[in-house]
Every structure is written in structure tokens, then in C-alpha cells.
1. If a residue has to be among the aliphatic types (A, V, I, L, M), open to solvent by less than 70 Å² (accessible area, probe 1.4 Å), more than 21 Å from Gln118 (Cβ to Cβ) and in a strand (DSSP E or B) to count, how many in the range 38-62 make the cut?
2. Please verify whether the range 63-77 includes one or more residues that are at pLDDT 95 or above, of a type in the set (Lys, Arg), surrounded by 15 or more Cβ atoms within 10 Å (Cβ to Cβ) and over 30 Å from Thr140 (Cα atoms).
3. Looking only at the range 69-77, decide whether some residue is more than 23 Å from Thr126 (Cα to Cα) and touching a Ser or Thr at 6+ places or on another chain (Cβ under 9 Å).
4. Kindly list, by first and then second residue, each pair from a residue in the range 136-161 that is touching a residue at least 24 places away in the same chain (Cβ under 8 Å) to a residue that is open to solvent by 70 Å² or more (accessible area, probe 1.4 Å) and assigned to a loop (DSSP other than H, G, I, E, B), limited to pairs with Cβ atoms under 7 Å and residues at least 6 apart or on different chains.
5. Is the range 55-68 home to any residue that is of a type outside the set (Phe, Trp, Tyr), touching a residue at least 24 places away in the same chain (Cβ under 8 Å) and touching a Gly at 6+ places or on another chain (Cβ under 6 Å)?
6. Restricting to the range 132-189, name every residue that is of a type in the set (Val, Ile, Thr) and at pLDDT 85 or above.
7. In this structure, does Ser136 turn out to be closer than 30 Å to Arg71 by Cα and open to solvent by less than 50 Å² (accessible area, probe 1.4 Å)?
8. For the range 150-181, how many residues meet the condition of being of a type in the set (A, V, I, L, M) and either more than 22 Å from Ser108 (Cβ to Cβ) or touching a Pro at 6+ places or on another chain (Cβ under 9 Å) (or both)?
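The values are calculated or read from the model by the stated rules, or taken from the named source; none is laboratory data. These figures come from a predicted structure and were not determined experimentally. Virtual Cβ from ideal backbone geometry, glycine too; neighbours counted across all protein chains shown. Just the protein is used for accessible areas: all its heavy atoms, side chains included, with ligands, DNA and RNA removed. Shrake-Rupley method; radii C 1.70, N 1.55, O 1.52, S 1.80 Å.
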Amino acid sequence: RGTSVDRYLTDTLADARDPAALREAFGILTPLPTTGGQLGIWNINERTDALYSESGWRVPSVALDAQAGLRLVRTHSTVSGFQSVPSSGAIEPIEIDATTTDWLPSASVRWRSSGPLQLRAAASRTITRPDFNLLSPSITLTPNSVNPQLNQGTAGNPNLRPLRSTGVDLAAEGYFGAGHSASATIFWKQVDGFVA
């Protein structure tokens with residue numbers, strides 16, 4: 001019993017718990033599949049190892065502090081399965097075994113005045129790997145029985161590259177007592193690898 005739908009009756013749900021009986025009740029005679037099709041079976045593995053080093057320093061005489069870091073990321077990924085070839089409609093096996101190594105530096109510096117002002121600067125490189133659903137080599141088609149013009153399909157691409165970015169930002173911040181502050185930030189970012 002919920003708050004949004006109240007005071008309704010329903011018949012027994014026994015058939016809904018028995019797919020074979022439910023299919024029989026609707027006159028569906030096509031046997032249930034016992035195995036998946038080639039395009040529905042694949043295996044994606046990914047192992048990522050990372051090493052991170054960071055260093056920080058402070059120069060009290062000029063109210064300056066900074067830190068720099070470097071992350072080394074090694075990713076080994078494999079994809080195996082089957083993929084349809086759009087030009088011929090054939091189904092071919094696919095095997096991808098790839099290893100990538102990324103060096104991801106980052107650095108930031110902050111200067112604090114004797115008053116309420118502080119200035120910040122930061123730069124970094126980042127990497128974002130695609131989700132497994134974007135890497136699947138199969139195509140999923142969803143028919144719309146009411147309006148076939150609204151049929152839909154989705155497909156992954158096992159050759160997708162990671163999304164990589166390099167960014168720099170500069171900020172000026174002022175703190176004027178409890179609950180009062182002002183800041184201005186400008187940034188530049190270059191991104192490569194958007195999926196469209």
C-alpha cells in the first residue's frame with residue numbers, strides 16, 4: 001500500500017511468476033531461447049594500476065604555498081566477442097588487447113596577502129575511461145509496436161579512446177569575515193575524445 005496509488009484491486013499474479021504459463025495464456029508459441037546469439041555474448045576486462053607522488057612546499061616570507069603531483073596510470077583492457085559488419089551485415093569475431101600508459105601531472109600555487117585577498121593558479125591533466133556499456137560490441141534494437149517510426153537502437157564501440165583533458169585555471173578570492181566572500185575565476189581547458 002502506497003501513498004500515490006490507493007484502493008485498487010488486482011487479480012492473482014501467479015501467472016506473472018510463471019513465464020511459460022503467461023506465454024501460453026497469450027498464445028505465444030515461439031519457444032524461449034536457450035542460448036544467446038553471438039552478438040549478445042562478449043567479455044570486457046579492464047585492469048588499472050596507478051602510482052601517485054606528491055610534493056608540497058611553503059615560502060612563509062612571501063605567503064606562498066604550492067604543491068605538485070604526478071600520477072602514472074597503466075590500463076590493460078581486453079574485449080572479445082562478436083561484432084556485426086555494417087557494410088556486409090556479416091558477424092565477425094572481435095579480439096582487442098590494449099595497454100595504455102598515461103602520465104597525469106598536476107600543480108597548484110597559492111599566494112595570500114596580509115589582508116582578505118588570495119590568488120590561486122592550478123594546472124592538470126586528466127583521463128576518463130568510457131563505461132563498459134559504451135564499449136560493448138553488440139547492437140541492441142528496441143522495436144516500438146505502436147509506432148515503428150519510433151524504433152530505437154543502441155550500439156557500443158570497443159575501440160573508444162579515453163576522454164583526456166588539460167586544464168589551467170586562475171582565481172582571485174577575497175574573504176571578508178564570516179559568510180562574506182567574493183571570487184573570480186578564469187580557466188582554459190582542452191578536451192579530446194568526446195563521444196558523439
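1. Result for the range 38-62: 2.
2. The answer is yes, given that some residue of the range 63-77 is at pLDDT 95 or above, of a type in the set (Lys, Arg), surrounded by 15 or more Cβ atoms within 10 Å (Cβ to Cβ) and over 30 Å from Thr140 (Cα atoms).
3. In the first step, residues of the range 69-77 are kept if they are more than 23 Å from Thr126 (Cα to Cα); the result is none.
Looking for residues that are more than 23 Å from Thr126 (Cα to Cα) and touching a Ser or Thr at 6+ places or on another chain (Cβ under 9 Å), one finds none in the range 69-77, hence no.
4. Leu160/Val195
5. Step one: filter the range 55-68 for residues of a type outside the set (Phe, Trp, Tyr), giving 55-56, 58-68.
Still in the list and also touching a residue at least 24 places away in the same chain (Cβ under 8 Å): 62-68.
Checking which are touching a Gly at 6+ places or on another chain (Cβ under 6 Å) leaves us with 67.
Checking the range 55-68: at least one residue is of a type outside the set (Phe, Trp, Tyr), touching a residue at least 24 places away in the same chain (Cβ under 8 Å) and touching a Gly at 6+ places or on another chain (Cβ under 6 Å).
6. Narrowing the range 132-189 to residues of a type in the set (Val, Ile, Thr): 139-140, 142, 146, 154, 166, 168, 185-186.
Val146, Thr166, Val168, Thr185, Ile186, listed by residue number.
7. Numbers: closer than 30 Å to Arg71 by Cα: yes; open to solvent by less than 50 Å² (accessible area, probe 1.4 Å): yes.
Against the criterion (closer than 30 Å to Arg71 by Cα and open to solvent by less than 50 Å² (accessible area, probe 1.4 Å)), Ser136 qualifies.
8. If we filter the range 150-181 for residues that are of a type in the set (A, V, I, L, M), which is where we start, we get 150, 155, 160, 163, 168, 170-172, 178.
Filter again for either more than 22 Å from Ser108 (Cβ to Cβ) or touching a Pro at 6+ places or on another chain (Cβ under 9 Å) (or both), leaving 150, 155, 160, 163, 178.
Residues meeting the conditions: 5.
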